[in-house]
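Rule-based calculations on the coordinates, nothing more; no lab input. What you see is a predicted model; the values in this text were computed from it and never measured. As a convention, Cβ positions derive from the backbone with ideal geometry for all residues, glycine included, and neighbour counts pool all protein chains shown.
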Amino acid sequence: MIVDRTRRHHPVVTRALRFLLDGVARTRTDAADKSRLSLVVEQHFDFIWRLLRRLGLRAADADDAAQQVFMIATQKLDAIAPGSERSFLYGAAVRVAANARRAASRRSEDPGDDVEHIATGLHPEQRRTLDEAWALLDELLERLPDELRRVLVLAEIEQLEVAEIAALEDVPVGTAASRLRRAREAFREHLKRASARNPFDAGGA
Amino acid sequence: MTEREPIDDVADELFAAARRERPEDRVRARAKQLALSARTGINAAEARGPAAYAPVIAVAVAIAVLAFIAAGALRTREALEPIAVTPEIVEHEATPAARRTADRLEVVQDVPLSVEKSVQPQSKSAPRPQPSLAAEIALLDQARSALSAHESARVIALIDQYQRVLGGTGMRAEAELLRIEALAQSGQRARAAQLAQRFVKEHAGNPLAERARTLAKIEEPAEDSR
């Protein structure tokens, strides 16, 4: 005995069937969302966390901020087109970092003096060297305007192409290239000044 | 990436050091866990109200439907069990072809039928099994097999069962003709001829009437006429 698909069923039956099919579809959607979300976290978490660090957040604050960025993505998942997850996360991270820095400045904290990074498998001396390098880098980046700082981080640390940077910043490629050129010149100048002021620290990093 | 001219050696070292920095694994794992939990909450909230329980209800209904189908199969099997037939009659299962046909067909309405005066009245307290075209086909298929095997008593018992238990609807004429053929085969030619004549009268337009006409002309057994 089979259900005749051509027959018109009683409205209650039709409604019940629709209800159950919706339930099944919802379960499948939930599973698909979670699968996508897992992949997004695995692929982009480190990128976002490093970005937040170089945008001036302490390691502990970067932990919280990165979590906040991914919670925003979780809430907006339906609106994020497949393939544009990194752009969305980048935009959210820039905004979250700006807010976190404002909050930190209100608390009169020095964002550069945090050294609670992970350094698994490193010799204490290597860790000290890395800590110093990160501190100097943050000090130098702090002197750049935000838009130059971001393109320099994306180009030199994340090693993205200019076209990719332009897409993330949502600016023309020419603008991104121009900003990167100015960022590199400004960074070189600041590094020179830092070396002149304290040649041992700047040169030893 | 396209190779860029380094800013200077120190800058390159600083950038390389920055690339070595990464979050702790537990931080990444916690962010992932929180995101997945939050997404489940969002999807459940979007479902709103009782619809959130739809997946659970869907499973429960699926189990109920399976139980209903199993009960239906059991009932059909019971309907095909032999009822007060002679001891030598042994009930057989329907042929696989008939079963396959049965699986594709819908239930048909129960239409009372009284062809044979010898049919036992149905007990009012015992509910009559729901007849189905599938069951009719299965039973008549058995009767036809029995006729081919010259088991005329079994044929008659099966046709009795067909009329008593299933009621017989669309295949009533075929059932009657099988009875007539079984009677003729068993040597009760006078009775077969009598029923065949009645069949021809009642089913004049039926294609089976031609076969009945032939049977209606059956004379008494040769040894009787001699």
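Tabulated results
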{"quantity": "Backbone HN-Hα couplings from phi across segment A:53-64 [Karplus 6.51/-1.76/1.60, Hz, Gly and Pro as x]", "calculated": "4, 7, 8, x, 8, 5, 4, 5, 5, 5, 4, 5"}
{"quantity": "Test item: A:152-165 mean partner chain Cβ contacts at 10 Å", "calculated": "3"}
{"quantity": "Cα gyration tensor, segment A:33-112 - rounded (a/c under 1.5), prolate or oblate", "calculated": "prolate"}
{"quantity": "Backbone HN-Hα couplings from phi across segment A:158-165 [Karplus 6.51/-1.76/1.60, Hz, Gly and Pro as x]", "calculated": "7, 6, 8, 6, 4, 4, 5, 5"}
{"quantity": "Potential extension, B:ALA60-B:ILE42 segment - 0.36 nm per residue separation minus Cα distance", "calculated": "4.1 nm"}
{"quantity": "Length gained when the stretch B:ALA29-B:LEU208 is fully extended (0.36 nm per residue, less Cα-Cα span)", "calculated": "56.6 nm"}
{"quantity": "Cβ-derived FRET efficiency at R0 35 Å, A:SER105 paired with A:ARG128, nearest 0.05", "calculated": "0.80"}
{"quantity": "Cβ-derived FRET efficiency at R0 56 Å, A:THR29 paired with B:LYS201, nearest 0.05", "calculated": "0.25"}
{"quantity": "Shielding by partners, peptide A:36-45 (average Cβ within 10 angstrom, other chains)", "calculated": "3"}
